[in-house]
Amino acid sequence: MIDKRNKTYGNKKDMGHVFHSTSLIQDKNFTSFHQYVTLTARNLLLEMGYDLSKFDIMLTESWVQEFAKSGGGHHTLHTHWNGHISGFYFLKASECTSRPVFHDPRPGHAMNGLPVKSATEITYGSPEIHYKVKPGTMMFFPSYLPHLFSVDVGYDPFRFIHWNVQAVPKADKIGV
């Protein structure tokens with residue numbers, strides 16, 4: 001795909017692309033990592049006040065994403081459907097790379113929001129929050145939280161593991 005585009009329009013190398021690995025779920029090298037993610041997601045859901053007595057916590061997706069070395073990699077605003085906890089573990093990042101940006105999930109706030117006093121302060125009025133990340137940063141968040149990745153300019157490598165976790169009904173509790 002990149003080669004065809006470059007041949008047709010001129011060589012932009014891998015600019016604008018986001019590369020995805022195959023699923024890491026069955027990879028035994030990630031077993032401990034996935035157990036940590038799943039247990040942490042369960043604890044977070046419990047702390048958020050959810051009754052999980054009739055649910056099992058299941059890792060549904062796990063993969064590596066890497067932004068183009070030539071820059072332009074990004075993700076538009078989205079959520080993760082049919083999930084409960086999502087997250088990132090940053091492998092390669094710097095002050096010069098893309099950043100995750102989380103948007104306020106309250107539709108009423110988006111519709112009736114007022115201007116904030118300072119865009120650099122995080123307050124209840126902030127429409128979005130930008131996070132600086134470095135290798136080793138791990139983030140968990142509700143899957144319904146709208147998020148994006150800002151455009152990466154390609155100065156430094158940007159790579160992370162992304163995952164989604166879902167609370168699924170226990171087989172013996174369905175219909176109970």
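Quick note: the coordinates plus some simple rules give every number you see, no bench work behind them. Predicted, not measured: the structure shown is a model, and the values here were computed from it. No Cβ is skipped: glycine too gets one built from the backbone with ideal geometry, and neighbour counts run over all protein chains shown.
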Using a Gaussian network model on the chain with a 10 Å cutoff between Cα atoms, which of Phe160, Phe30, Phe102 fluctuates the most?
Phe30
Rounded to the nearest 20 Debye, what is the dipole magnitude of region 6-88 about its Cα centre when Lys and Arg each give +1 and Asp and Glu each give -1 at the C-beta?
420
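Using a 10 angstrom Cβ neighbour count of at most 10 plus a DSSP loop assignment to flag exposed GluC sites (Glu not before Pro), which longest range of the chain is free of such sites?
Values: sites that count: Glu95, Glu121.
Here the longest run is 1-94.
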So which residue, out of Asn164, Asn43, Asn112, gets the largest mean-square fluctuation from a GNM of the chain using Cα contacts under 10 Å as springs?
Asn112
How large is ³J(HN,Hα), in whole Hz, for each residue of region 100-105 in order, when computed from phi with the Karplus curve 6.51 cos²θ - 1.76 cosθ + 1.60 and θ = phi - 60°, using x for Gly and Pro?
x, 10, 10, 9, 4, x
Taking neighbour counts of Cβ atoms within 10 Å as a proxy for exposure, in what order, fewest first, do Trp163, Trp81 appear?
Trp81, Trp163
Gaussian network model of the chain, springs between alpha carbon atoms under 10 Å - residue of Pro115, Pro127, Pro100 with greatest fluctuation:
Pro115
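Run the dipole for region 13-169 about the Cα centre, Lys and Arg Cβ at +1, Asp and Glu Cβ at -1, nothing else charged, and hand back the magnitude in debye, nearest 20.
Values: 12 positive and 13 negative charges, 32 e Å.
Dipole of region 13-169, to the nearest 20 debye: 160 debye.
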Relative contact order of the chain, defined on C-alpha pairs under 8 angstrom at six or more residues apart (%):
35
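Once a ≥ b ≥ c are taken as the square roots of the eigenvalues of the Cα gyration tensor of region 81-176, is the result rounded (a/c under 1.5), prolate (a/b larger than b/c) or oblate (a/b not larger than b/c)? Don't jump to the answer; show the numbers that get you there.
Working: a/c = 3.07, a/b = 1.24, b/c = 2.48.
Oblate, since a/c reaches 1.5 and b/c is not below a/b.
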Using Cβ counts within 10 Å as a stand-in for footprinting exposure, how do Met138, Met48 rank, fewest first?
Met48, Met138
Would you mind checking which residues have amide H under 5 Å from Phe158's amide H? H placed 1.01 Å from N; only 5 or more apart, or other chain.
Phe67
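Please report, to one decimal in angstroms, the Kirkwood hydrodynamic radius of the chain built from all distinct Cα-Cα pairs.
Numbers: mean 1/r = 0.0550 Å⁻¹.
For the chain, the Kirkwood estimate is 18.2 Å.
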Positive end of the dipole of the chain, charges at C-beta (+1 Lys, Arg; -1 Asp, Glu), about the Cα centre: which of Gly108, Trp163, Ser118 has its Cα farthest in that direction?
Trp163
